[in-house]
Amino acid sequence: MLLLGETVAPPEKRQSEVPGEAGHDTDLALFFNREGDMKPSDYAYLCAARHFSEFGTAPFSLAEIQEIAADAGVVVPDRLDMTFKGAAKKGKKLFQSAGKGSFRPTAAGGLEFAERWKVRPGRKAKASQPG
C-alpha cells in the first residue's frame, strides 16, 4: 500500500544470459568493440575468446564460432578449420582438435586471450548436444 506522494522503485534490471535478449546483445557489442585494425582471422580468434569467456576450455564447433560472428556482425574466414589449425604464437599452438569440426583452446591459447583481450575463462557448463 502506498501513501500519497510515494513512488514505487522500479524493479531491478538483471543482465540476461540468454542469447538473443537485450543484455546478451549489449555484452556482445561491448566484447567485440576493440581498438585497432583486425583481420578476419583475428575476429575468428576473438569469437573463440568469447566462447572461452563463457565456457572455459570446453570444445566449440565451427558452427558455434560462425553463429557468434554473425551475432556480433563481424567477418571471419571461410575456412575456419584451417584458421584454427594454423593458429600459433611463439611456436605454441593456440587450439587443438577436439573431434571433427571441433576445437578447444590450449593453455597457450587461454594465455593469449588473457594477454591480448583481458579474457578470463568462464565456468558455465555447456548444454549437452543431442546426437
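Can you tell me which residues in segment 109-129 are assigned to a loop (DSSP other than H, G, I, E, B) and either farther than 14 Å from Leu46 by Cβ or more than 15 Å from the chain's Cα centre (by Cα) (or both)?
Listed by number, the residues that qualify are Arg120, Pro121, Gly122, Arg123, Lys124, Ala125, Lys126, Ala127, Ser128, Gln129.
Would you mind telling me which numbered condition in (1) at pLDDT below 95; (2) hydroxyl-bearing (Ser, Thr, Tyr); (3) in contact with a helix residue (DSSP H, G or I) (Cβ under 6 Å, 6 or more places away or on another chain) Ser128 fails?
Result: Ser128 fails condition (3) only.
From the list Phe52, Phe103, Phe95, Phe84, which residue is in contact with a strand residue (DSSP E or B) (Cβ under 7 Å, 6 or more places away or on another chain), under 15 Å from Gly122 (Cβ atoms) and buried (at least 16 other Cβ atoms within 10 Å of the Cβ)?
On the way: Phe103 fails: under 15 Å from Gly122 (Cβ atoms); Phe95 fails: under 15 Å from Gly122 (Cβ atoms); Phe84 fails: under 15 Å from Gly122 (Cβ atoms).
None of the others qualify; the one that does is Phe52.
Yes/no per residue for (1) surrounded by 14 or more Cβ atoms within 10 Å (Cβ to Cβ); (2) over 10 Å from the mean Cα position of the chain (by Cα); (3) at pLDDT 80 or above:
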position	(1), (2), (3)
Glu6	no, yes, no
Glu12	no, yes, no
Gly20	no, yes, no
Leu28	yes, no, yes
Met38	yes, yes, yes
Ser41	yes, yes, yes
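Could you give me the residue pairs with C-beta distances under 7 Å whose first residue belongs to segment 61-79 and is at negative phi, whose second residue is in a helix (DSSP H, G or I) and hydroxyl-bearing (Ser, Thr, Tyr) wherever it lies, and which are 6+ apart or on separate chains?
Once the first residue is at negative phi and sits in segment 61-79, its partners that are in a helix (DSSP H, G or I) and hydroxyl-bearing (Ser, Thr, Tyr) give Ala69/Tyr43; Val74/Tyr43; Val75/Tyr43; Val76/Tyr43; Pro77/Ser41; Pro77/Thr83.
The values are calculated or read from the model by the stated rules, or taken from the named source; none is laboratory data. The structure displayed is predicted, hence computed values, not measured ones. FYI the Cβ positions are ideal-geometry reconstructions off the backbone, even for glycines, and counts take in every protein chain you see.
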